[in-house]
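Everything on this sheet refers to the single structure shown next.
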Amino acid sequence: MKVFWNDQKGSALIFVLICALLLTSTLLVILNHYSLQQKLIHQKGNILQAKYAAEGAVYFYLNEKEKDKNLSEFKKEERTLIHTSEMGQVTINCHPWGAFWLISSTAQNGRECFRLETLIGAYPSPQFEPAVILKPAGDPLILTGKSFITGEAIVGTRGIRRGSLFVTIPSDHKLVNGKITESVTDWRPDIDYHYLQSLWQHFKNFLTAPLLSSFDEIMEGSSGYFASDTSPHWWETPFFVTNEQLNSNNWHLRGPLILVTDEPLRLTGNLVMDHYVHIFSSQPIYVGGNKSTFHKVLFYSSQKITLSGANNFCGQIYSEQAIIIQDNSCLHFPTVLMVNSKLDSASIHIYPLSKVSGSIILLAQSDSTRNRKNRPEIFIERDAVINGLIWSDTYTRLRGAVNGMVITDQFYEHVPPTHYINWIIDGIIQRDKLNRQFCLPLFFKQPEKHLAILGDL
């Protein structure tokens, strides 16, 4: 009996030890899990603090820039260091991105780092509230067919009248759902030409800049994919590219990246270009097909640029001759189309069923073309839709729909053999349908320029 009791005591001891071991292991697992959770929570908290610091620094920077009297001064790059707390700091880098600024904000909080990028435009001031603003002229604005205006219309002293081809009918305010202001004052908002000329020269400089490498060299061994690092030189270094190189593969190019060519480009493959890819050319550029994706890209050419069937495009197009958008193309906000030209044939042409969300701007640079056969003009064809702004210092031919505003010298129509000055045939302008988050390019002069992060349209 005594021996049996001793055996029981040994078993109990082993049992107690096993239980203690299991309990200790469980406690260690719980403590380790708790410690890991606390570490993750602390890390997530630091990341959130860095994120909020990066976002707050952007708004702080924009608020300070709005106070800057030299806001319209074009600068290639600006770097600012903002101290947010004893634990962290934020570095702001501001790059010109065509009509907008690209701001990158990098916040460091302890060991955690957060980086964000955003495009900056400007909210329209009250100058841009009317649906139509015309240069004062002796001729009335005549609306024909299904033409209709929703919003304020600022026109010359002859007002607005209804008409049919060859016939002008007395004034009919039912054509406008809004206030009609007849004025001898030119209310059209102007462009800061000093800023614009600096920007344009910035584009041209890349066509004459020394090329450090060719496209083949930077794409070597990349299997069709290229992504730049975050070093500053990608914003200043142009690389030479040929039409054959760009069409030899279904490239995916992620910028910032600057490509320069001296031959006509015809991009018809299955291409992907995103995150600030620039293409500068002294020759025509043609982008065709709906298989390609262009997101936050910038094209500049001293000749014609054509987009055909492009329905995945968001970017900026600058030409010194003409821009053509055709075959059901869809250009997403914040697209900017600008022709800045001395040619009589300068034009921006939006074909039927195409859609552009953004700003369309034509600068003819001269009044000497008014009586010539070729007239610089923006032409919006039937069933084309513009969401945003049309701005022209010469003629605008409107047969489609504008959900936004039209600011132009005069409207124009040509029905052979007659030229109609200040006529709109079947055009519709609806100011109330413009998205409230719409932002303007930064090179417009405004009494108060409120900088804003670009939203979606």
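Restricting attention to the stretch 306-359, the residues that are aliphatic (A, V, I, L, M), more than 20 Å from K204 (Cα to Cα) and free of Cβ contacts under 8 Å to residues at least 24 places away in the same chain add up to 1. Per the conditions (1) modelled with pLDDT of 95 or more; (2) within 14 Å of the chain's Cα centre (by Cα), the sole criterion not satisfied by P352 is (2).
Please find, among T418, T396, the residue that is surrounded by fewer than 21 Cβ atoms within 10 Å (Cβ to Cβ) and either touching a residue at least 24 places away in the same chain (Cβ under 8 Å) or hydroxyl-bearing (S, T, Y) (or both). None of the others qualify; the one that does is T418. Can you give me the number of residues within the stretch 106-123 that are touching a Ser or Thr at 6+ places or on another chain (Cβ under 6 Å) and in contact (Cβ under 8 Å) with a residue 60 or more places away in the chain? Counting residues in the stretch 106-123 that are touching a Ser or Thr at 6+ places or on another chain (Cβ under 6 Å) and in contact (Cβ under 8 Å) with a residue 60 or more places away in the chain gives 2.
Among the listed residues P136, P130, identify the single one that is crowded, with 18+ Cβ neighbours inside 10 Å and in a loop (DSSP other than H, G, I, E, B).
Exactly one of P136, P130 is crowded, with 18+ Cβ neighbours inside 10 Å and in a loop (DSSP other than H, G, I, E, B), namely P130.
Per the conditions (1) of a type in the set (A, V, I, L, M, F, W, C); (2) under 21 Å from the mean Cα position of the chain (by Cα); (3) surrounded by fewer than 24 Cβ atoms within 10 Å (Cβ to Cβ), the sole criterion not satisfied by L343 is (2). Of the residues examined, K174 is not one that is of a type outside the set (D, E), farther than 20 Å from W391 by Cα and at pLDDT 90 or above.
With respect to R436, determine if the residue is in the same structural domain as I149 (by TED's automatic domain parsing), of a type in the set (D, E, K, R) and crowded, with 20+ Cβ neighbours inside 10 Å. In short, no.
Residues in the stretch 306-327 that are in a strand (DSSP E or B) and either among the aliphatic types (A, V, I, L, M) or over 15 Å from the mean Cα position of the chain (by Cα) (or both): T306, L307, S308, I317, S319, A322, I323, I324, I325, Q326. Only one of the numbered conditions (1) in contact (Cβ under 8 Å) with a residue 24 or more places away in the chain; (2) outside any strand (DSSP E or B) is not met by V277, and that is (2). Among the residues of the stretch 121-156, those identified as farther than 30 Å from K449 by Cα and of a type in the set (S, T, Y) are T144, S147. Per the listing G400, G358, the residue uniquely modelled with pLDDT of 95 or more and closer than 26 Å to S198 by Cα is G358. Assessment of the stretch 143-161 against the conditions (acidic (D, E), at pLDDT below 90 and not in a helix (DSSP H, G or I)) yields no matching residue.
Restricting the stretch 278-293 to residues that are closer than 15 Å to F240 by Cβ and not aromatic (F, W, Y), the residue that is surrounded by the fewest Cβ atoms within 10 Å (Cβ to Cβ) is Q283.
The values are calculated or read from the model by the stated rules, or taken from the named source; none is laboratory data. Being a predicted model, the structure only gives us computed values, none of them experimental. Here Cβ is always computed from backbone atoms with ideal geometry, including for glycine, and neighbour counts include all displayed protein chains.
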